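Contents: one structure, followed by commentary.
The values are calculated or read from the model by the stated rules, or taken from the named source; none is laboratory data. These numbers were taken from a predicted model, which means no experiment stands behind them. Ligands, DNA and RNA are stripped out before the accessible areas are found, and what is left, the full protein with its side chains, is counted by its heavy atoms. Shrake-Rupley method; radii C 1.70, N 1.55, O 1.52, S 1.80 Å.
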Amino acid sequence: MRIVAAALALILLAAGPAVAGTLRVGTVGDYPPFNYIDDAGELTGFDIDIARALCERLKARCLFQRHPWSMLIPELRAGTFDAIVASMSITEERRRVVAFTDRYYRNASRFVTS
């Protein structure tokens, strides 16, 4: 599972967003209810709402870019986008290559059997 304890993985590159006033946000768009494409074909979900609130506070425009899960960190490091907002759990391996903000929610995992 890619989400256990969710975190906003947010890295603003040293120069800031590549386009003034725009924050390029990488996400996947296939992990409801956190990020998904709704019936109208729009990217939506909890992560998307968090990113939009961040952009509003920064007075920036959010430009969402969908990428496969496995490519989010490599594309961030390559400068394709400025931040990842995709309910990414913090692991030691990931922490070695990207900087995480504080968690914006916790999701306790449980296993139930009968």
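Extents of region 56-114, largest first, come to 48, 26, 21 Å (Cα atoms, principal axes, whole angstrom). Based on protein heavy atoms only, region 38-80 ends up with 66 Å² per residue of surface accessible to a 1.4 Å probe.
The 3J(HN,Hα) values that the Karplus relation (6.51, -1.76, 1.60; θ = phi - 60°) gives for region 38-54 are, in residue order, 7, 4, 8, x, 9, 6, 8, x, 4, 4, 5, 4, 4, 5, 5, 5, 4 Hz. Gly and Pro appear as x.
Computed with a 1.4 Å probe on the full set of protein chains, the accessible area for R95 sits at about 120 Å².
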